[in-house]
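Sharing a structure with you now.
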Amino acid sequence: MTWRRLLRHETILALLVLLALFVLDRQSDKFFTLDNLFNQGRLMTEVGLVAIVMTFVIITGGIDLSVGSILGMTAILIGVFWKNLGLPLPVAIGLGLVVGTLAGVANGIIITRFRVPPLIATLGTLALYRGIAEGVSQARSVRGYPEWFYVLGQGQLLGVPTQLWIFGIAAVVAAALLGWTTCGRTTYAIGSNEVAARFSGLSVDVTKVAIYAASGLAAAVAAAIFVSRVSTTRSDMGTGIELDAITAVVLGGTSIFGGRGTIVGTLLGLVLIQALKNGLSLAGVKSDGTVVLIGAVLILTILLSNLFHRDQNR
Amino acid sequence: MTESTEFRAHRSGPARCVSAYGQEIVIACALVALFVVVSAINPRFLGANNVNTIVSGNAYIAVAAIGMSMIIITGHIDVSVGALIGVLATISGTLAVSGYPVWVAWTLPILIGAAINGVVGALVAYGRLPSIVVTLGMLSILRGGLVFVTGGAWINNLPPSFQLAQARLLGVPVPIWFMLVLTIAAFLWMRNTAFGRSLYAIGGNAEAARAAGIPVERRIVQVFMIHGAFAGIATMLFATQLKIIQSTVPPNLELTIITASVIGGVSILGGTGTVIGSTLAAVLFAAIGSAMIFVNVSAYWLRAVIGLLILVTVLVDMARRNREFRGSQR
């Protein structure tokens, strides 16, 4: 039953993606070139990493609004650790990832230990983490990273952009975790009925903290890639990335109420958004027009998918 | 109906007042404490000019937070309000520049705001879409649409008579009047009318409200329209502050507005809270921002302070709630 429902949404979405790709291909002959596709993959990776973990978060019935701020904070701290404290860059990146993960752990603890609704908890940390980024940086940017660092965001590995490897591995690991492990099933159980999951002896709190920690880590990895891709660090990096990620996840069929969703759906959502952005800009539509379309597609997809199984939703 | 003000009303006297309006009292105390401490460090903080600037310059946030509080009390959320205010400000400015009477430029955005949010409300109520998803989509549509249509151009040459926010009535800036009157009116309306109370009932338990004969869907559409109208009034105060209007969405405005509601004691779970709290919270933010300048703390730390404030308020609130919950179970 559940499977049929999931498949149905993802089928609609896959058809939409195909339709979009087809239309965009007719619009511009530059769209289906390897260069362009790889380039789009680069642009998609940061949101993609965040969205993959966001899928877990939303399946548990939660939400993480603070990822954009964690990204900004980590980016600034990597810059500050390296430039101002004089640490070697790999150590600075390592510390940045640790801080990002800890920021996620803090979210998880506020949500599980103090029973604060995730929307509010991460709204608070959204302001706090971005505030730390702004306070530490005092609006100064950091540039002049060593050449080897740019491999991460601008270079290639075996002919494929470096960050696409990271993204691909993350997606496969996440899909396997969610689909085939106890951890994944616990995630669904929490979202379907948290009290029942607790009474069934599942480690609800530990799982939730781990998921929010992973969300922080994903944002931190995205930060390192982002800094490497644009060769500079600013405190406003990643602003609004949480909304892009949530849009991709929800577009991918994950219920905002929790309990259902898949990584495949999220990937389709990401591809659809990126294809629209790119294809329309190749076809000469200004990027702001694309933003309008993405908003409309989000509302329409959810509306359609709701109409198909209206009776089951409430 | 297990709506908590109703529940608390059984207690008597001052205890009842403290219990029902705990959050509002805490914020009022925080506000007084802030003024006392900062003016001790730097007396110029209390200057009439500065206080006026703090309150009047941020009155639009308080006004928008009134509508937001209603939405949250009903158990919904609107993350598109900042974008809506940006769009309405541009419409208002364009009308003023193209020679329409200023009162049209002031009031038409209120109707447009109500109409746009009426659509949002209908999608939420009848389309059964989660409000966060609809307003997330709306955020994209409004934000993208604004820049798409205007190309990011600024509006200059606004007629002087358009500057409502700089006018004074009985020596007090007009925005402060709007904030006070609307807050008190909304507070009384939500407390004393059947319509207002039904919002708490829907937020407390939508099914129970339906069973009690409240037309839940229609109410949701109506409350979204009212919220849109408040966003329109906020626009009227926001757009008329300066001599130019930027055709972009003010960054993070929706978060500031939601935060004001939540810190003001409106529970994100729906069903409780008042608009007095949200207005006090909006003033508190503005005062903190100004205070940091007066005690020589870099303004870049402002957001971190506000974030800490949200977390502390929420943690204290949850601790109190959990204690009450346990108490009521014994």
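We did not get these values from a lab; they are worked out from the coordinates using the rules stated. This structure is a prediction, so every number in the text was calculated from the model and none was measured. No Cβ is skipped: glycine too gets one built from the backbone with ideal geometry, and neighbour counts run over all protein chains shown.
What residues have an amide H closer than 5 Å to that of B:I77, excluding those fewer than 5 places away on the same chain, when H is modeled at 1.01 Å from N in the peptide plane?
Close amide H contacts, sequence-distant or interchain: B:S131, B:I132.
If you stretched the chain out fully between B:N252 and B:A194, how much longer would it get, using 0.36 nm times the residue separation minus the C-alpha to C-alpha distance?
17.5 nm
Among the lysines, select those whose C-alpha is under 24 Å from the C-alpha of A:K208, and discard any that sit fewer than 8 residues away in the same chain.
Cα-Cα hits under 24 Å: none found.
Which whole-number percentage describes the relative contact order of chain B, with Cα contacts under 8 Å and a sequence gap of 6 or more?
Values: 514 pairs, mean separation 111.9, N = 330.
Taking the mean separation of contacting Cα pairs over the length of chain B, I get 34 percent.
Could you calculate the FRET efficiency of B:L169 with B:S98 from 1/(1 + (r/R0)^6), where r is the beta carbon distance between them and R0 is 41 Å, rounded to 0.05?
With R0 = 41 Å, the Cβ-Cβ based efficiency is 0.90.
Quick check on the protein assembly as shown: helices-only [θ] at 222 nm, where DSSP H runs of length 4 and up contribute -39,500 (n - 2.57) each and the sum goes over total residues. Nearest 500, please.
On the way: 29 runs with 476 residues, N = 644.
-24500 deg cm²/dmol, from helical runs alone.
Also, I was wondering about something else. Tally Lys and Arg at +1 and Asp and Glu at -1 over the other residues with C-beta under 9 Å from the C-beta of B:N252: what net charge comes out?
Around B:N252, the charge tally is +1.
Let me ask you something else. May I ask for the Rg/Rh ratio of segment B:4-329, computed from Cα atoms with Rh as the Kirkwood radius, given to two decimals? Kindly include the intermediate steps, with their values, before the conclusion.
Values: Rg = 19.9 Å, Rh = 20.5 Å.
Looking at segment B:4-329, the ratio lands at 0.97.
Helix by helix through chain B, keep the DSSP H runs that span 18 Å or more along the axis on Cα and average at least 1.0 on Kyte-Doolittle, and give those back in order.
B:22-41, B:59-73, B:81-97, B:102-125, B:131-150, B:174-192, B:216-239, B:275-294
I've got another one for you. If the cut-off is a Cα-Cα distance under 17 Å, which aspartates and glutamates reach A:K83, setting aside same-chain residues fewer than 8 apart in sequence?
Straight-line reach from A:K83, under 17 Å: A:E134, A:E147.
Report the label-to-label distance for B:S298 and A:N39 in nanometres (one decimal), using points 7 Å from each Cα along the Cα→Cβ vector.
The modelled label-to-label distance comes out at 3.7 nm.
Let me ask something else about it. Using the Cα atoms of segment A:47-267 to build a convex hull, what is its mean projected area in square nanometres?
11.6
Further question: What are the trypsin sites (Lys or Arg not before Pro) within segment A:102-145 that DSSP puts in a loop, where the Cβ has at most 16 other Cβ atoms within 10 Å?
A:R115, A:R140
In percent, how large is the relative contact order of segment A:208-300, given Cα pairs closer than 8 Å and 6 or more residues apart? Please list the in-between numbers first.
Details: 52 pairs, mean separation 15.5, N = 93.
Rounded, it is 17 percent for segment A:208-300.
Hey, another quick one. How would you rank B:V104, A:V23, B:V305, B:V87, going from fewest to most other Cβ atoms within 10 Å of each one's own Cβ?
Sorted ascending by nearby Cβ count, the order is B:V104, A:V23, B:V305, B:V87.
Let me ask something additional. Based on DSSP H assignment, which helices of chain A show an axial Cα extent of at least 20 Å together with a mean Kyte-Doolittle hydropathy greater than or equal to 0.5?
Values: long enough: A:2-27 (38 Å, 0.75); A:34-59 (34 Å, 1.25); A:67-83 (24 Å, 1.68); A:89-113 (35 Å, 1.70); A:118-137 (27 Å, 0.97); A:162-180 (27 Å, 1.78); A:204-230 (39 Å, 1.52); A:263-282 (28 Å, 1.61); A:287-308 (32 Å, 1.94).
TM-like helix candidates: A:2-27, A:34-59, A:67-83, A:89-113, A:118-137, A:162-180, A:204-230, A:263-282, A:287-308.
Here's something else I'd like to know. Cα-based Rg (one decimal) and Dmax (whole number) for segment B:40-115, in Å?
16.6, 49
Let me ask something else about it. Could you give log10 I(q)/I(0) at q = 0.13 Å⁻¹ for segment A:1-87, computed by the Debye formula over C-alpha point scatterers of equal weight, without solvent?
Here the Debye-derived log intensity ratios amount to -0.75.
Residues of segment A:244-266 with amide nitrogen under 14 Å from the 7 Å Cα-to-Cβ point of A:L304?
Answer for this model: A:251-253.
Now a separate question. If the cut-off is a Cα-Cα distance under 19 Å, which aspartates and glutamates reach A:K277, setting aside same-chain residues fewer than 8 apart in sequence?
A:D25, A:D29, A:D35, A:E46, A:E242, A:D244, A:D288
Oh, and also: Diagonalise the Cα gyration tensor of the protein assembly as shown and give the resulting equivalent ellipsoid semi-axes, square root of 5 times each eigenvalue, largest first, whole Å.
After diagonalising the Cα gyration tensor, the semi-axes are 37, 30, 27 Å.
OK, next. I need the per residue convex hull volume for segment B:113-195, using only the alpha carbons, in cubic angstrom as a whole number.
Values: hull volume 12.8 nm³, N = 83.
Spread over its residues, the Cα hull of segment B:113-195 gives 154 Å³ apiece.
Local charge sum around B:I132 (other residues, Cβ-Cβ under 14 Å, Lys/Arg +1, Asp/Glu -1)? Can you show the working numbers first?
Numbers: positive: B:R128; negative: A:D64, A:E242, B:D78, B:E254.
Value of the local net charge: -3.
Give the average over all directions of the projected area of the C-alpha convex hull of segment A:235-314, one decimal, in nm².
6.5
Over segment A:47-267, what is the relative contact order in percent, taking alpha-carbon pairs closer than 8 angstrom and at least six residues apart?
After rounding, I find 44 percent.
Also, quick follow-up: Which of B:D78, A:D236 has the fewest other C-beta atoms within 10 Å, and how do the rest follow up to the most?
On the way: B:D78 30, A:D236 17.
With the sparsest Cβ surroundings first, the list reads A:D236, B:D78.
Once the other residues with Cβ under 11 Å from the Cβ of A:G155 are scored (Lys, Arg +1; Asp, Glu -1), what is the net sum?
Numbers: positive: A:R42, A:R229; negative: A:E147.
Net local charge, A:G155 excluded: +1.
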